[in-house]
Amino acid sequence: MKGFTWERAPFSVCVVCKEKTFGLLQAGGHTLTMRCSSCRHTETIALPPVDKKVIYLDQFVFSLLFNVVSGGRLPVGNEAFATKLHERLRRLVLLQQIILPHSDIHRDETTVFHSAMELREAYEFIGGDISLSDTSTVELEQALDAADAYLNGTPLSLSLSVDEVLESKRNEWLSDMHISVRSDYSQFADGLRKMRDEAHGDMEKLAARWAAEKPTFNDVLKVELDAVLAGKVGALAATERKKSSADPDTFFNAVNSPIQREARTLLDVMRRAGVPDNEAGQKVREVWASEVYKQLPHHRISAYLFAATARRVVGGQKTIINKGMMNDIRAIAAYAPYLDAMFVDKTSAQLLQERPLSEDLEYRARIFSFSDREDFMAYLDELEANTPSDVKEMASLIYGVT
């Protein structure tokens with residue numbers, strides 16, 4: 001574990017002893033404490049309120065920022081942009097205008113990175129020490145809303161507040177001391193690579209079928225929207241088989257898999273709703289097969305992105321399927337309804353701009369990619385321009401922002 005403080009403003013004159021020894025003692029959360037190192041006079045004041053925007057950065061962007069910090073190689077032609085982007089994002093984080101939270105997708109992709117611990121420290125530090133709920137947790141919370149609507153016969157009601165998907169409080173000021181814990185997840189790297197390769201292989205097989213059968217966009221969309229029940233039951237059966245494995249890791253992963261967690265949670269919902277035990281499993285299947293489940297944002301966005309991908313494959317594009325594609329879809333489907341902005345890969349951004357995705361899908365996030373990077377910089381400029389003067393003053397005192 002290591003820690004350090006930001007560059008602080010110089011000492012000022014103490015109102016009690018008149019010595020120029022009055023300076024910052026501690027800051028963070030909602031208060032700032034100043035102390036005189038000579039007479040120990042102490043003052044604590046409330047920090048001005050802030051309303052931070054939440055921006056998701058694709059793993060490639062975090063890797064790019066890491067290379068800026070570590071002196072690594074930057075993509076040819078993007079050196080100046082990368083440096084400027086790092087400076088702008090870091091400044092806005094210190095000005096308390098944005099956070100750049102990391103997710104389970106970042107964690108998994110970082111684990112297979114060559115400098116995993118260093119990259120993890122970098123994105124925690126750069127982003128403001130805050131994380132998103134795991135994608136499976138976001139999906140589960142929506143599933144619970146679907147179950148509630150189904151059981152009560154009411155329309156689906158979702159809270160899409162950005163704070164719903166954050167693991168920490170969004171509008172607390174950063175602590176003046178950053179603490180980093182060097183966690184080593186390398187033991188999971190081989191398993192994550194295997195899972196990624198298997199998912200990529202499945203996508204390639206699916207793409208090959210699309211290329212051969214040439215389904216329409218609407219054909220694929222209907223299949224994806226209607227596939228919840230079969231997909232859930234199939235995934236549940238697969239993990240049930242793995243639970244009988246003699247390998248402890250296989251057993252642990254099966255028991256703690258998202259589908260097992262969702263099934264257990266929904267069964268508990270049924271029991272608490274008064275559904276007899278012998279009917280609870282059927283009620284869970286009914287929820288999965290219901291029209292209300294098909295309305296869940298994560299499911300709709302994912303289904304539309306798959307259909308748009310299929311359309312590209314049928315049209316002859318051969319490079320659209322890559323090893324990071326499933327993670328790209330997971331991230332957008334899970335977080336776009338909640339966050340203020342997302343910087344994602346070019347292909348995903350382009351798919352979201354195509355019709356009918358641009359007309360049918362509703363989500364909060366503004367989507368950016370390297371294709372419109374200047375628009376992203378303009379968005380960041382706008383955020384800085386709207387920073388209140390009292391916030392700027394305190395950010396200068398605490399973090400040395402000029």
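Sorting 54, 69 from the fewest to the most surrounding beta carbons within 10 angstrom yields 69, 54.
Only helices enter the 222 nm calculation for the chain: every DSSP H run of n ≥ 4 contributes -39,500 (n - 2.57), and dividing by all residues gives -17000 deg cm²/dmol, rounded to 500. What is the Cα centroid distance between the range 339-402 and the range 202-264, reported in whole angstrom? The distance from the Cα centre of the range 339-402 to that of the range 202-264 comes to 33 Å.
Taking 0.36 nm per residue of separation and subtracting the Cα-Cα distance, full extension of the segment from residue 213 to residue 30 would add 60.0 nm.
Here residue 318 is the anchor, and the lysines within straight C-alpha reach of less than 20 Å, apart from those fewer than 8 places off in the same chain, are 205, 214, 346. Residue exposure proxy: 272, 88, ordered by other Cβ atoms within 10 angstrom of their Cβ from fewest to most, comes out as 272, 88.
Distances between placed amide hydrogens fall under 5 Å for residue 26 paired with 33, all partners being 5 or more residues away or on another chain.
Given R0 = 51 Å, the distance between the Cβ atoms of residue 154 and residue 18 translates into a calculated FRET efficiency of 0.15.
Looking only at the chain, where both bridge partners belong to it, what percent of the DSSP beta bridges are antiparallel (to the nearest 5)? Given both bridge residues lie in the chain, the antiparallel proportion sits at roughly 65 percent. Computed over Cα pairs, the Kirkwood radius of the range 317-402 leads via Stokes-Einstein (0.692 mPa s, 37 °C) to a diffusion coefficient of 216 µm² per second.
Placing a pseudo-label 7 Å from each Cα along the Cα-to-Cβ vector at residue 163 and residue 74 gives an inter-label distance of 3.7 nm. With a cut-off of 17 Å on the backbone N, the residues of the range 142-163 near the modelled label site 7 Å out from residue 289 along Cα-Cβ are 147, 150-151.
Write down, largest first, the equivalent ellipsoid semi-axes of the chain in whole Å, where each equals the square root of 5 times an eigenvalue of the alpha-carbon gyration tensor.
Semi-axes, largest first: 43, 26, 21 Å.
Annotation: amide H of residue 368 within the under-5 Å range of 342, 343, 344, sequence separation 5 or more or interchain, hydrogens built in the peptide plane.
Only lysines eight or more places from residue 53 in sequence, or on another chain, were considered; those with a Cα closer than 20 Å are 84, 169, 392. The label point for residue 241 and the one for residue 359, both projected 7 Å from the Cα toward the Cβ, are 4.3 nm apart.
As an exercise, use a Förster radius of 51 Å and the Cβ-Cβ distance of residue 84 and residue 273 to find the FRET efficiency, rounded to the nearest 0.05. Please report the intermediate quantities before stating the final value.
On the way: r = 54 Å, r/R0 = 1.06.
Given R0 = 51 Å and the Cβ-Cβ separation, E is 0.40.
Here, each number is a calculation from the coordinates, and none is a lab measurement. This is a predicted model, so every value here is computed, not measured. Because the Cβ atoms are built from the backbone with ideal geometry, glycine has one as well, and the counts that use them run over all protein chains shown.
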